[in-house]
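Report on the structure given below.
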Amino acid sequence: MLKVNNVDVYYGAIHALKGLSLDVELGNIVTLIGANGAGKTTTLKTISGLLRPKNGNIIFKGKDLVKIPPEKIVGLGISQVPEGRRVFSTMSVLENLEMGAYLRTDKKEKQSDLENIFTRFPRLKERRKQLAGTLSGGEQQMLAIGRALMARPELLLMDEPSMGLAPLLVKEIFAIIKDINEKGTTILLVEQNAHMALSIADKAYVLETGKIVLEGSAQELMHSEAVKKAYLGG
Amino acid sequence: MLEFMQQLINGLSLGAIYALIALGYTMVYGIIKLINFAHGEIMMVGAYVGFFSISVFGSHIIVAMLFAMIACAILGVIIEKIAYRPLRGATRIAALITAIGVSLFLQYTTVFFLSPQQRIFPQTAFQTKDYLIAGLSISNKDVFIFVSALILMAILQFIIRKTRTGKAMRAVSLDRDAAVLMGISVDRTISITFAIGSSLAAAAGIMVGIYYSTINPLMGILPGLKAFVAAVLGGIGIVPGAMVGGFLIGILETLVSGYGNSLYRDAVVFGVLILILLVKPTGIFGKNTGEKV
Ligand SMILES: Nc1ncnc2c1ncn2[C@@H]1O[C@H](COP(=O)(O)OP(=O)(O)O)[C@@H](O)[C@H]1O
Ligand SMILES: [Mg+2]
């Protein structure tokens, strides 16, 4: 479904992604794990067009995303839950969700998607008139997920959705991710929480300083000595 | 007391004018963090467009206003495209200097083609009448300015709060990257912001013409600066702040001329700017959170 081929991304002189390639198959949860600063966020931003690679291409449904303006990419079926949530703080919860469906014109379907999101996240329904900036961290994360779902993505990019959340909430978020995937959305999940990510993923990549150093099924990586040592705390 | 009420009423129409201009400053700042110092000149161009549409085509004042608003909306979009867009990634100071350049360009292009001479704003378009109500003298021009400014501000609020475009404008000014991820075109949204801000300035230009009865190519400088002070007073980037700031500055100015010495009215307004910058740089409505991370 998505193929990233030999992508090089720079921040000025900093070479952040070095010939990175990865593959996301339809229906899978693919996870990209790695330490802080490895280039995970850079990878997702490059896929969604916020950053442009110097070399390489990114093929999604036969189109090269590198040649498409960033605001058009969500319309192709890719939406993102950005790192740090990035909800629109002085807009209401409902308005944030509406922004997720900004390009959609199918009024009825949008309404039913909104109701599905409210069923999934009843807290958001209770707080739909509240400003997003007044929500707790966990609620904001749910809002960011809901907002991305409002685009009806075929591929959902998630950047550290568990960051800064209490353990109980982390569990809940991962259960939600699994459920979204079971309902038919392909997911590329970036995580520092390697253990949780590997436990729900089909396939995994390990990123180190802008390079993929390991890849395989999530099962394989979970039991790989190198991964255990570096990312699973022994 | 009556005297005070009278000054307050006089201040309301001037304040409405400042508020309309301040809105353009604040909206543009909110979305691209640029103080568009050419904004006062857009107001001036609006006054001239109004002047000619009345004196040449005999337009009704409302028609002249709409005409000026459309012309300035286009002018604002063109200025942004040509002068500011290429500097999007540049330092703020580069954009600021460019804005001052655009401002001088508009002033002296107008001087060149239309002469530096001041012109009498056509009285045919607006017959001034004064009414005495409960001991207060109220002019129909003050009422016209105040009411049309309120209508424009209500329309603006509606656009920003309720329409898809307005929500996109808010989203881009809150978090540009997140807005792009929603599918919002940043370029288009910035253009729309310039169009709306400039059209409000054009309406204000017509009002300045009615208020002072004369227009000239440098008429944008002082009201432009005062409206900028108003925007900072309300909290730059905050739309309701610009409205409140505009009215406060307008009323302050008339109170100073009414009770004190009208020679000091400009000095007092700029004194306010210095005071805000010292005491609360984020303005009345701004949160003291420092820079956004
Ligand atoms: N805006 C930026 N400017 C310069 N360097 C950056 C910027 N963003 C990230 N980097 C650098 O790029 C590398 C990868 O960062 P990032 O993709 O954010 O890593 P991760 O998400 O895996 O923590 C890091 O070395 C980081 O310092
Ligand atoms: Mg990151």
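The B and A chains share an interface that buries close to 1900 Å² of accessible area, total over both sides, probe 1.4 Å.
Normalised per residue, the accessible area of the range B:97-171 is 59 Å², obtained with a 1.4 Å probe and no contribution from ligands, DNA or RNA. Positive end of the dipole of the protein assembly as shown (Cβ unit charges, origin at the Cα centre): among A:M150, B:H39, A:S199, the Cα lying farthest that way belongs to A:M150.
Given the rule -39500 (n - 2.57) for each run of at least 4 DSSP H residues, summed and divided by the residues of chain B, what is its mean residue ellipticity at 222 nm, to the nearest 500 deg cm²/dmol? Counting only the DSSP helices, I get -24000 deg cm²/dmol. Residue-wise HN-Hα couplings along the range B:40-51, as the Karplus relation 6.51 cos²θ - 1.76 cosθ + 1.60 with θ = phi - 60° gives them from phi, are x, 6, 5, 4, 4, 4, x, 4, 5, 4, x, 3 Hz; Gly and Pro carry x.
For chain A, the antiparallel share of DSSP beta bridges with both residues in that region comes to about 55%.
Average projection, convex hull of the Cα set of the protein assembly as shown: 28.6 square nanometres. Would you mind pulling out the separation of the Cα centroids of the range A:129-207 and the range B:42-91, in Å? The two parts, judged by their Cα centres, are 47 Å apart. The convex hull defined by the C-alpha atoms of the range A:104-197 has an orientation-averaged projected area of 6.3 nm². Amide H contacts for A:K211 (H built 1.01 Å from N in the peptide plane; partners 5 or more residues away or on another chain; cut-off under 5 Å): A:K18. Pairs of Cα atoms nearer than 8 Å and 6+ residues apart set the relative contact order; for chain A it is 28 percent. For the range B:165-180, putting each phi into the Karplus relation 6.51 cos²θ - 1.76 cosθ + 1.60 with θ = phi - 60° gives couplings of 4, x, 5, 5, 4, 5, 4, 5, 6, 7, 7, 4, 5, 4, 5, 4 Hz, in residue order, rounded to whole numbers and with x for Gly and Pro. If contacts are Cα pairs under 8 angstrom and at least 6 residues apart, what is the relative contact order of the range B:2-279 in percent? It comes to 40 percent, rounded to a whole number. Per-residue shielding of B:168-180, expressed as the average number of other chain Cβ atoms within 10 Å of the residue Cβ, stands at 5. In this structure, the residue pairs whose Cα-Cα separation is over 24 Å, taken from A:K183/B:K162; A:K3/A:K228; A:K45/A:K110; A:K72/A:K110; A:K40/A:K228, are A:K183/B:K162; A:K3/A:K228; A:K45/A:K110.
Placing +1 on each Lys and Arg Cβ and -1 on each Asp and Glu Cβ, with no other charges, gives the protein assembly as shown a dipole about its Cα centre of roughly 320 debye.
Counting partner chain Cβ atoms within 10 Å of every residue's Cβ in B:117-128, what's the average? Mean inter-chain Cβ contacts per residue within 10 Å come to 0. Excluding A:I14 itself, what net charge comes from residues whose Cβ is under 13 Å from its Cβ, given Lys and Arg +1 and Asp and Glu -1? Computed value for this residue: +1. The C-alpha atoms of chain B occupy a region whose extents along the principal axes are 57, 45, 35 Å, arranged from largest to smallest.
The values are calculated or read from the model by the stated rules, or taken from the named source; none is laboratory data. Note that the structure is a prediction, hence the values are computed from the model and not measured. In this analysis, Cβ positions are derived from the backbone assuming ideal geometry, glycine residues included, and neighbour counts consider all displayed protein chains. Just the protein is used for accessible areas: all its heavy atoms, side chains included, with ligands, DNA and RNA removed. Shrake-Rupley method; radii C 1.70, N 1.55, O 1.52, S 1.80 Å.
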